[in-house]
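Only one structure is covered here, and it is reproduced in the block below.
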Amino acid sequence: MTRFPKLFTPMKLGPYMLKNRIESAPMGMHGTPEGYITPEGTAYYELRAKGGAAIVSLGESMVDSGGTSHGRVNPLDDPGILPSLINTTDAIKRHGAVASIELLHAGIRSGTPRPDDPVYGPSAGTSFYGKQIIEMGEAEIEQAVKAFGDAAEMAKLGGVQICMIHGGHGWLLSQWFSKLHNHRTDRFGGSIENRARIALMIIEDIRKKCGPNFPIEIRLSGDEFTEGGMRIEETVELAKVLDGKVDLIHLSAATFHDRTAGLRMFPSVFLPRGCNVYLSEAVKKAVKTPVNTVGAINDPAHMEEILETGKADMITLGRALLADPYLPEKARKGNEQDITPCIRCNYCISQNFTPYVKYPRGIVRCVVNPIIGREFETRFVQISSGKKKVMIVGGGPGGMQAAITAADRGHEVILCEKGNRLGGTLRYAEREYFKEDTKKLNDVLIRRVQERPIRLMMDTEVTPEVVKEIAPDVLIAAVGAMPIIPAIPGVKNKNVVLAASMYDEDAIGEKVVVIGGGLVGCEEGLHLAHLGKVVTILEMLEKGASDAPYLHWLGLMKELEKSVRLETRVKCTRITEKGVFAVKEEGEERFYEADTVLLAVGLKSRNELVESLRNCAPDFAVIGDCLQPATVMEAIHMGYFSAMNI
Ligand SMILES: Cc1cc2nc3c(=O)[nH]c(=O)nc-3n(C[C@H](O)[C@H](O)[C@H](O)COP(=O)(O)O)c2cc1C
């Protein structure tokens with residue numbers, strides 16, 4: 001008997017009996033230059049089917065390659081997509097999941113890869129990429145409708161069982177729905193019925209071409225969170241028009257039209273879990289069609305509560321299923337404490353978030369899950385060649401991950417930690433109010449270490465002598481880094497505290513100056529402001545937190561604006577008992593009053609310790625911060641692969 005009966009109550013959708021209420025969100029992965037799905041892409045989708053989601057949706061797929069947004073996405077007007085599409089839907093279906101695909105036309109957001117193509121939209125104006133928008137006449141409308149129908153037919157030929165029409169996020173259909181872009185006065189403009197007309201024509205064309213046993217889901221932005229854009233009241237009216245015409249109404253949020261919309265579309269860590277659930281709740285009250293919700297949901301108990309209280313019928317998970325594709329199966333089996341939580345760092349999406357990053361990286365990676373984007377290659381990692389004695393020095397995220405993976409591969413594992421707690425840098429997250437899931441990640445890793453036959457040696461300073469005594473076959477150094485202390489006069493004063501250390505918060509004064517506005521300085525500064533301190537961050541570069549993934553950076557800057565003074569292009573010259581002297585670019589020295597000065601100028605690897613251990617075992621690996629100051633992602637991924645390579 002499952003602890004989450006609602007979540008695991010099957011649901012009928014057209015001819016399919018969905019095994020639970022979890023849909024894996026459309027999350028595209030770049031394909032070949034033509035946009036075909038690569039074997040890596042197939043394996044990426046397959047893993048989420050294997051993990052137990054009832055529906056696995058392939059990401060943005062173009063109904064008309066002339067109306068593309070990003071390059072390299074599935075072109076559904078090209079039969080060349082079929083072999084890779086069939087392979088992918090086969091891979092999804094063999095795990096009992098239902099294969100879905102997202103049908104998209106970019107409309108006025110059309111850009112690459114055919115920059116010379118005309119750009120069409122509901123009303124004339126300037127397109128997202130600065131081109132003249134051609135107002136669609138009846139012929140262009142017919143053409144777009146036909147393109148959706150034909151694309152669905154192609155998808156069905158490719159083994160797809162359900163389609164999701166993209167009617168949100170500022171793409172073509174939402175341009176028709178939203179008065180932000182639709183200024184027409186004909187039968188396609190004005191009332192919500194008129195603005196929804198093209199969607200109804202598309203639904204009809206898909207039904208005609210794919211038959212009744214091909215369920216249609218439509219993704220809407222419940223609120224565009226943009227001045228002049230759709231609000232939930234209008235979306236409810238739109239949903240009423242769509243009610244009974246589609247099989248599932250899916251409520252996402254925001255529009256790409258607005259730069260900061262990403263913070264709601266891919267909810268940032270500064271927003272509460274399930275921040276968009278109220279949108280599906282409002283729609284659900286008004287329609288009979290089942291309703292799907294999405295956004296910052298990663299906890300099965302929360303999912304159960306959403307279903308139980310009637311706020312949605314289905315839950316879509318995006319990043320949570322990158323962090324742990326096995327979330328559905330772990331929840332079903334009552335093993336939810338082992339779910340790796342998504343920490344909403346937005347690394348996954350920021351790498352490809354054009355035009356805000358210059359070039360999309362074209363691959364997906366997840367900070368907390370080393371497999372993501374490597375599902376295919378990790379199938380070929382060598383089989384362990386017999387049991388080895390593996391000694392890991394350092395119980396931070398990299399060391400713990402190495403120990404867990406080595407134990408899972410059947411090795412004898414010894415994990416040594418010089419302190420009395422595991423977690424390394426993840427432990428600083430415990431105190432930051434917006435890092436609830438990072439703390440959970442640390443707890444999950446610790447639990448995994450404890451559950452395995454790993455010999456834990458806490459309070460153990462590892463020296464070459466200790467290694468010699470244990471005599472491992474493989475030694476992995478994960479000893480971390482230490483804060484850089486810059487040569488600024490006064491740096492050793494009593495009022496100076498090191499960031500990324502376990503300082504005593506009660507000892508921090510009312511006025512704080514943070515020296516160093518990288519990601520660590522900005523996040524710790526924000527946290528101190530949250531505690532009521534008056535915080536000023538001084539950064540030498542042009543931009544604060546320039547090492548943060550774009551969308552996290554955007555969210556962080558918005559939060560800092562509320563309560564923290566961030567000054568860039570400032571160089572600190574000296575620290576006194578009363579504060580910090582610094583020079584701005586113009587060369588004029590200024591004084592920043594402070595009771596406490598927080599030093600956050602970076603880390604340096606513990607090279608000496610690493611070198612002392614280098615020749616102590618037949619095989620030696622260095623991972624994480626002690627190789628070079630690294631991110632949590634680098635630590636976890638290197639930990640995983642250092643153990644996989646044994
Ligand atoms: C890597 C990545 C790729 C995505 N690709 C798409 C996409 O192709 N189409 C789409 O409508 N949304 C896309 N999204 C948005 C997700 O479908 C989802 O709505 C969003 O991530 C919020 O859900 P979450 O908080 O559970 O991650 C993507 C999100 C991520 C993280």
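The values are calculated or read from the model by the stated rules, or taken from the named source; none is laboratory data. This one's a predicted model, so the numbers in the text were calculated from it and none came from an experiment. As a convention, Cβ positions derive from the backbone with ideal geometry for all residues, glycine included, and neighbour counts pool all protein chains shown.
Those residues that are within 16 Å of VAL535 (Cβ to Cβ) and among the hydroxyl-bearing types (Ser, Thr, Tyr), I need them from segment 479-518; list them, please.
Answer for segment 479-518, where residues must be within 16 Å of VAL535 (Cβ to Cβ) and among the hydroxyl-bearing types (Ser, Thr, Tyr): just TYR503.
Which is within 24 Å of ASP504 (Cα to Cα), of a type in the set (Val, Ile, Thr) and more than 32 Å from the chain's Cα centre (by Cα), of VAL597, VAL564, VAL583, VAL535?
Exactly one of VAL597, VAL564, VAL583, VAL535 is within 24 Å of ASP504 (Cα to Cα), of a type in the set (Val, Ile, Thr) and more than 32 Å from the chain's Cα centre (by Cα), namely VAL597.
Between a first residue in segment 24-43 that is free of Cβ contacts under 8 Å to residues at least 40 places away in the same chain and a second residue that is assigned to a loop (DSSP other than H, G, I, E, B), which pairs have beta carbons less than 9 Å apart while being 6 or more apart in sequence or on different chains?
PRO33/GLY71; PRO33/ARG72
Where in segment 556-623 are the strands (runs of 3 or more DSSP E), entirely inside, with at least 3 residues that are out of contact with any helix residue (DSSP H, G or I) (no Cβ under 7 Å at 6 or more places or on another chain) and not small (Gly, Ala, Ser)?
570-575, 579-584, 589-593, 596-599
Step by step: first the residues of segment 62-103, then only those that are in contact with a Cys (Cβ under 9 Å, 6 or more places away or on another chain) and not charged (D, E, K, R), then the one that is surrounded by the most Cβ atoms within 10 Å (Cβ to Cβ). Which residue is that?
Ranking the candidates gives LEU103 first.
Report yes if some residue within segment 424-433 is part of a loop (DSSP other than H, G, I, E, B) and free of Cβ contacts under 8 Å to residues at least 60 places away in the same chain; otherwise report no.
No: zero hits.
LYS311 fails exactly one of the following numbered conditions: (1) within 15 Å of the ligand (Cβ to nearest atom); (2) in contact with a strand residue (DSSP E or B) (Cβ under 9 Å, 6 or more places away or on another chain); (3) of a type in the set (Lys, Arg). What is the number of that condition?
(1)
With MET391, MET400 as the choices, which residue is part of a helix (DSSP H, G or I), surrounded by 24 or more Cβ atoms within 10 Å (Cβ to Cβ), touching a residue at least 40 places away in the same chain (Cβ under 8 Å) and over 21 Å from the mean Cα position of the chain (by Cα)?
Testing whether each residue is part of a helix (DSSP H, G or I), surrounded by 24 or more Cβ atoms within 10 Å (Cβ to Cβ), touching a residue at least 40 places away in the same chain (Cβ under 8 Å) and over 21 Å from the mean Cα position of the chain (by Cα) leaves just MET400.
Given (1) away from the ligand (no atom under 12 Å from the Cβ); (2) within 30 Å of ASN74 (Cβ to Cβ); (3) part of a helix (DSSP H, G or I); (4) touching a Lys or Arg at 6+ places or on another chain (Cβ under 8 Å), where does GLU329 come up short, assuming only one miss?
Unmet for GLU329, out of (1) away from the ligand (no atom under 12 Å from the Cβ); (2) within 30 Å of ASN74 (Cβ to Cβ); (3) part of a helix (DSSP H, G or I); (4) touching a Lys or Arg at 6+ places or on another chain (Cβ under 8 Å): (4).
Residues are listed down the side, and each one gets a yes or a no for (1) under 29 Å from LYS358 (Cα atoms); (2) of a type outside the set (Lys, Arg); (3) without any contact (Cβ under 8 Å) to a residue 60 or more places away in the chain:
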site: THR89; (1), (2), (3): no, yes, no
site: ILE92; (1), (2), (3): no, yes, yes
site: HIS95; (1), (2), (3): no, yes, yes
site: ALA99; (1), (2), (3): no, yes, no
site: HIS105; (1), (2), (3): yes, yes, no
site: PRO122; (1), (2), (3): yes, yes, no
site: THR126; (1), (2), (3): yes, yes, yes
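Hey, GLY295 hits all of (1) within 12 Å of the ligand (Cβ to nearest atom); (2) of a type outside the set (Asp, Glu); (3) on the phi < 0 side of the Ramachandran plot; (4) modelled with pLDDT of 95 or more but one; which does it fall short on?
(3)
Report yes if some residue within segment 57-67 is of a type in the set (Gly, Ala, Ser), assigned to a loop (DSSP other than H, G, I, E, B) and either modelled with pLDDT of 90 or more or within 22 Å of GLY373 (Cβ to Cβ) (or both); otherwise report no.
No, segment 57-67 contains no residue that is of a type in the set (Gly, Ala, Ser), assigned to a loop (DSSP other than H, G, I, E, B) and either modelled with pLDDT of 90 or more or within 22 Å of GLY373 (Cβ to Cβ) (or both).
Quick test of your reading of the structure: HIS166 fulfils all but one of (1) more than 25 Å from ALA261 (Cα to Cα); (2) assigned to a strand (DSSP E or B). Name the failing condition by number.
Among (1) more than 25 Å from ALA261 (Cα to Cα); (2) assigned to a strand (DSSP E or B), the lone unmet condition for HIS166 is (1).
From the set of residues in segment 489-507 that are at negative phi and in contact with a Leu (Cβ under 9 Å, 6 or more places away or on another chain), which is surrounded by the fewest Cβ atoms within 10 Å (Cβ to Cβ)?
GLU505
Please find, among VAL622, VAL597, VAL601, VAL580, the residue that is touching a Leu at 6+ places or on another chain (Cβ under 8 Å) and in contact (Cβ under 8 Å) with a residue 40 or more places away in the chain.
Only one candidate passes the filter, namely VAL580.
Going by the structure shown, is GLY28 over 29 Å from GLU308 (Cα atoms) and in a helix (DSSP H, G or I)?
The answer is no for GLY28.
Those residues that are closer than 21 Å to ILE470 by Cβ and of a type outside the set (A, V, I, L, M), I need them from segment 616-632; list them, please.
If the condition is that a residue be closer than 21 Å to ILE470 by Cβ and of a type outside the set (A, V, I, L, M), then CYS616, PRO618, ASP619, PHE620, GLY624, CYS626 are the ones that fit.
Mind listing just one residue for me: the one in segment 76-103 that is at pLDDT 95 or above, outside any helix (DSSP H, G or I) and of a type outside the set (Gly, Ala, Ser) and, of those, farthest from PRO33 (Cα to Cα)?
Here the residue is VAL98.
Exactly one condition in (1) surrounded by fewer than 24 Cβ atoms within 10 Å (Cβ to Cβ); (2) in a loop (DSSP other than H, G, I, E, B) is false for ARG344; which is it?
(1)
From the residues in segment 19-31 that are away from the ligand (no atom under 12 Å from the Cβ) and at pLDDT 95 or above, which one is surrounded by the most Cβ atoms within 10 Å (Cβ to Cβ)?
Across segment 19-31, the extreme among qualifying residues is ARG21.
In contact (Cβ under 8 Å) with a residue 12 or more places away in the chain, more than 16 Å from the ligand (Cβ to nearest atom) and on the phi < 0 side of the Ramachandran plot: is that true of PRO79 in this structure?
So PRO79 fits the description; yes.
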